[in-house]
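Everything on this sheet refers to the single structure shown next.
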Amino acid sequence: MAPLPTGIRFLVSFSRDQWYRAFTFILTFLLYASFHLSRKPISIVKGELHRYCASANEGELRFNSQSQKASDTPPPQLPGNETDCGWAPFDQDNYQQLLGALDYSFLCAYAIGMYLSGIIGERLPIRYYLTFGMLASGAFTALFGLGYFYNIHSFGFYVVTQIINGLVQTTGWPSVVTCLGNWFGKGRRGLIMGVWNSHTSVGNILGSLIAGYWVSTCWGLSFIVPGAIVASMGIVCFLFLIEHPKDVACSSSLVAHSKSYENGMHRFRLQKQALPSEKKPLDPEMQCLLLPDGKRPAHQNHAVLPADGGSGMAAISFTGALKIPGVIEFSLCLLFAKLVSYTFLFWLPLYITNVDHLDAKKAGELSTLFDVGGIFGGILAGVISDRLKKRASTCGLMLLLAAPTLYVFSTVSKMGLEATIAMLLLSGALVSGPYALITTAVSADLGTHKSLKGNSHALSTVTAIIDGTGSVGAALGPLLAGLISPSGWNNVFYMLMFADACALLFLIRLIHKELSCSGLATGDQVPFKEH
């Protein structure tokens, strides 16, 4: 019999569970990348909605206006129904406030809707819920772009479109995190979710490139094309998403490699059976929940729901999720971390346009370097936190380095394009690292916390609380940037540095707890492993 080709041997070396798990990983990655792809166009198009008028044309405009008043004839319309300074009503002197209001409308609706989305998501099939959200998001993203083709200059139209789009996009994050949490256990969760969370940066990069391709010629397509992509991925979600491993008879966690012995056609895995009287050692996560005298904290019981195998449990309440240790601290930390991240997301292209004097397309392409740095930052944060077993300390270290880096960025970026590129990569890594870690691995850890005693219905609610609180900061950041930027971009960076300091402050207690528990986790304690 001829030997199997190398490629086939490689394919059959993976188990059925591993193939399904890889498929779910890739699918959820693409689904949420499309969400971020549809959020990016507004930041790219800002430079086109308001363009700086050439000084040479200002006198000509005043002359034309005077002659038109004398003849009582309407001014001539420019091609594409635009004014010399952009697209009405964003062609006025208060354009920064108007553009900031667009960001705030979307993000405020997203923050409010996120608290409800997690609760609803726990009670509905994830596949249907996520499909509806993606189809609706695609429709309203495209609707914003239709304003270009139908010559719509009503500020209210764009605000309402942003609000509704923000609400329907809340279906995405709790759904994909819950689905991924169902398929992957805690083993190497930081690394796995660090890689997976790069969908945020990948979506931002693709969104920047797609929106930038049409921004200078037909900015309506900068929204319609991403909207069509999101809606198409919604159909893919409906056809292929598998919510839970049990739906296809797969295991629900990663299986660690262990010694095995073969006997004929059967393979037996050697497992150590614990005696009933043998006291199992607690893992470091549970040890840190214990008080100095060895007793469990009293408030823990409020978050515990009866365990009956997982299928018949009731979904956790909002207040019950808040009582899980660490949820409040990480939520408040994410509020300020996401404030910084989303300020860059929505205002970075316009900042580059103003400082480096580039057009909207080139500024959009250059801003993708921030997201490239974010990919490496998210993966690095996951690897470090997995190795050290300290999520809060990892976030704290990156936040501590981010604040001075932002100050250097505000100074160096004015010295030339090369300096801007270097600082974009470094700032992207340090700003996105804590944000990525908290919204993925930390949320999944807390949503499957030991205090829940196996209740799998809490993950979506916990994820929604953490990301919803973070989205409050995401709404405030771009709004504050729009209000502060007229006084100078340096003041915007001071605001971002202050936000980073506040994020670090809320993690101090958890960092202290992790450091004090490090001896318990590394002494004679047997390392905890997922099986």
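The values are calculated or read from the model by the stated rules, or taken from the named source; none is laboratory data. Keep in mind that what you see is a predicted model, and the values were worked out from it rather than measured. Virtual Cβ from ideal backbone geometry, glycine too; neighbours counted across all protein chains shown. The area values use the complete protein model at the heavy-atom level, side chains included, leaving out ligands, DNA and RNA. Shrake-Rupley method; radii C 1.70, N 1.55, O 1.52, S 1.80 Å.
Points worth noting:
- Qualifying residue in segment 69-87 (condition: more than 30 Å from residue 238 (Cβ to Cβ), modelled with pLDDT of 85 or more, out of contact with any His (no Cβ under 7 Å at 6 or more places or on another chain) and assigned to a helix (DSSP H, G or I)): no
- Restricted to helices (runs of 4 or more DSSP H) entirely inside segment 170-233, those with at least 2 residues that are touching a His at 6+ places or on another chain (Cβ under 6 Å) are 199-214.
- Residue in segment 430-441 that is open to solvent by less than 10 Å² (accessible area, probe 1.4 Å), at pLDDT below 85 and over 29 Å from residue 468 (Cβ atoms) present: no
- Pairs meeting the criteria (first residue in segment 116-140 and outside any helix (DSSP H, G or I), second residue of a type in the set (S, T, N, Q), beta carbons under 6 Å, at least 6 apart or on different chains) are 122/460; 122/461.
- Close pairs (8 angstrom Cβ cut-off, 6 or more residues apart or separate chains): on the phi < 0 side of the Ramachandran plot in segment 85-103, in a strand (DSSP E or B) and open to solvent by 10 Å² or more (accessible area, probe 1.4 Å) anywhere: 85/50; 87/50; 90/50; 91/50; 91/83; 95/50; 99/50
- Scanning segment 328-357 for residues being of a type in the set (A, V, I, L, M), farther than 18 Å from residue 96 by Cβ and open to solvent by 10 Å² or more (accessible area, probe 1.4 Å) gives a total of 3.
Here is a yes/no grid of residues against (1) in contact with a Phe, Trp or Tyr (Cβ under 7 Å, 6 or more places away or on another chain); (2) assigned to a helix (DSSP H, G or I):
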| position | (1), (2) |
| --- | --- |
| 324 | no, no |
| 332 | yes, yes |
| 342 | no, yes |
| 347 | no, yes |
| 370 | yes, yes |
| 385 | no, yes |
| 392 | no, yes |
| 396 | no, yes |
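- Contact annotation: residue pairs with Cβ atoms under 7 Å, 6 or more positions apart or on different chains, pairing a residue in segment 317-335 that is within 16 Å of residue 395 (Cβ to Cβ) and modelled with pLDDT of 85 or more with a partner that is of a type in the set (S, T, N, Q) and crowded, with 19+ Cβ neighbours inside 10 Å, are 331/469; 332/469; 334/439; 334/469; 335/469.
- In summary, residue 372 fulfils each of the numbered conditions (1) more than 17 Å from residue 440 (Cβ to Cβ); (2) open to solvent by less than 20 Å² (accessible area, probe 1.4 Å); (3) not basic (Lys, Arg) with the single exception of condition (2).
- For the residues 211, 142, the requirement of being out of contact with any Asp or Glu (no Cβ under 9 Å at 6 or more places or on another chain), open to solvent by less than 10 Å² (accessible area, probe 1.4 Å) and not basic (Lys, Arg) singles out 211.
- Flag if residue 324 is of a type in the set (A, V, I, L, M, F, W, C), surrounded by 21 or more Cβ atoms within 10 Å (Cβ to Cβ) and more than 15 Å from the chain's Cα centre (by Cα): yes
- Single residue of segment 187-202 satisfying the filter (farther than 18 Å from residue 425 by Cβ and open to solvent by less than 40 Å² (accessible area, probe 1.4 Å)) that is modelled with the lowest pLDDT: 187
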